[in-house]
Amino acid sequence: MTQMTDQPLLIAGVEYQSRLLVGTGKYKDMDETRLATEASGAEIVTIAIRRSNIGQNPDEPNLLDTLPPDRYTLLPNTAGCYTTEDAVRTCRLARELLDGHSLVKLEVLGDEKTLFPDIIQTIEAAEILVKDDFQVMVYTNDDPIIAKRLEEIGCVAVMPLAAPIGSGLGIQNPNNIRTIVENAAVPILVDAGVGTASDAAAAMELGCDGVLMNTAIAGAQEPVLMASAMKKGIEAGREAYLAGRIPRKRFASASSPIDGTFF
Amino acid sequence: MNILLNGENHTLPDGCTAAGLVESLQLGERRIAMEVNKEIVPGSQYTNHILAEGDKVEVVHAIGGG
């Protein structure tokens, strides 16, 4: 038996052993954030940039103490941005906050109800950020043409949604995700819409390089246990993809030999 | 002088620097980033950057997010 060894995930020239990326929002406290992040095995974790609470609770726990930048690759996001300008400003503040660290997750949203990306402004912001030497991992819809365009602009990873952010609906358009993967020369990560471990496995079986999720873990009844389940789902899906699944057939194919029957 | 700090009116002594603002807010030990009128002010420039009447100042930090 040959044991196939997987290649590490390579993003902007850095190797990662884990193909699960996790967000850090919606947890009940910093302890739960830390425990779930550890259980997920994730090496890349997203963070948000928000106004400091001036004059309030100076001793409140700091996320960067819970998830130290020397242990995790922090991926600041532009969540909540509905314009190119706000997304670019957020990335520049994040780079300053993280001492020049230039890996960012770009998302420019178009609509509060769906949180679908505004593709026109996403492309515009990606062009500005790439020119400004950011390494851009970009949230987009599941359109193969747009995914390729974002790659051509110079994004270091393209991250199509499985379903609306926080919906837990799982992959709504597996054929498009597969096409995006097949066309790509940069890592493709499913970002958003995963609900449970089988959804994560399904994304990996389609050939995705990784999955980014937040609500599916933080919103589970037992977030730390779900983080562990997601880790295994990602690993199982990846191995199944590498192993090469059998083709689907309409009719049966016996597992036991027909020859040598004595009846 | 008055500035707009994180969207709210804030009064500072005339000639106050970005460093003076950070100190007055007791944010010196925290990881923050600042922009003034939508331009980044690098941490290394806080002592040189003199704030002006009407400046729009944003002071941000990292929080949990997906």
Sole miss for A:Met159 among (1) closer than 22 Å to A:Asp6 by Cα; (2) among the hydrophobic types (A, V, I, L, M, F, W, C); (3) surrounded by fewer than 20 Cβ atoms within 10 Å (Cβ to Cβ) is condition (3)
Per the filter on region A:202-217, residues part of a helix (DSSP H, G or I) and surrounded by fewer than 23 Cβ atoms within 10 Å (Cβ to Cβ) are A:Ala202, A:Glu205, A:Thr215
Condition set within 20 Å of A:His101 (Cα to Cα) and of a type in the set (A, V, I, L, M, F, W, C), scope region A:6-24, selection most open to solvent (accessible area, probe 1.4 Å): answer is A:Leu10
Going by the conditions given, is A:Thr37 crowded, with 22+ Cβ neighbours inside 10 Å, in a helix (DSSP H, G or I) and within 12 Å of another protein chain (Cβ to nearest Cβ)?
-> yes
The condition of being facing another protein chain (nearest Cβ under 10 Å) and in contact (Cβ under 8 Å) with a residue 24 or more places away in the chain holds, among A:Tyr72, A:Tyr27, A:Tyr16, only for A:Tyr27
Pairs returned, first residue in region A:223-242 that is without any contact (Cβ under 8 Å) to a residue 40 or more places away in the chain and surrounded by fewer than 21 Cβ atoms within 10 Å (Cβ to Cβ), second residue that is assigned to a helix (DSSP H, G or I) and of a type in the set (D, E, K, R), beta-carbon separation under 9 angstrom, 6 or more apart or interchain, are A:Ala236/A:Glu205; A:Ala240/A:Glu205; A:Tyr241/A:Glu205
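Mind listing whichever residues of region B:33-66 are within 12 Å of another protein chain (Cβ to nearest Cβ), of a type in the set (A, V, I, L, M, F, W, C) and open to solvent by 20 Å² or more (accessible area, probe 1.4 Å)? Working first, answer last.
First pass over region B:33-66, keeping only residues within 12 Å of another protein chain (Cβ to nearest Cβ): B:33-46, B:56-66.
Pick out the ones that are also of a type in the set (A, V, I, L, M, F, W, C) and you get B:33-34, B:36, B:40-41, B:57, B:59-60, B:62-63.
B:Ile40, B:Ile63, listed by residue number.
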Note on region A:201-232: residues over 22 Å from A:Val14 (Cβ atoms) and under 14 Å from the mean Cα position of the chain (by Cα) are A:Ala201, A:Ala202, A:Thr215, A:Ala216, A:Ile217, A:Ala227
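Could you tell me whether A:Leu64 is on the phi > 0 side of the Ramachandran plot and crowded, with 16+ Cβ neighbours inside 10 Å? Write out each step before concluding.
Values: on the phi > 0 side of the Ramachandran plot: no; crowded, with 16+ Cβ neighbours inside 10 Å: yes.
For A:Leu64, the condition - on the phi > 0 side of the Ramachandran plot and crowded, with 16+ Cβ neighbours inside 10 Å - is not met.
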Checked region A:92-117 for anything buried (at least 20 other Cβ atoms within 10 Å of the Cβ) and in a loop (DSSP other than H, G, I, E, B); matches are A:Leu98, A:Glu107, A:Val108
Residue hits (region A:207-256; farther than 17 Å from A:Val190 by Cβ and of a type in the set (Phe, Trp, Tyr)) are A:Phe251
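The values are calculated or read from the model by the stated rules, or taken from the named source; none is laboratory data. Quick caveat, the model's predicted, so the values are computed rather than measured. Please note: Cβ atoms are built from the backbone with ideal geometry, for glycine as well, and neighbour counts cover all protein chains shown. Just the protein is used for accessible areas: all its heavy atoms, side chains included, with ligands, DNA and RNA removed. Shrake-Rupley method; radii C 1.70, N 1.55, O 1.52, S 1.80 Å.
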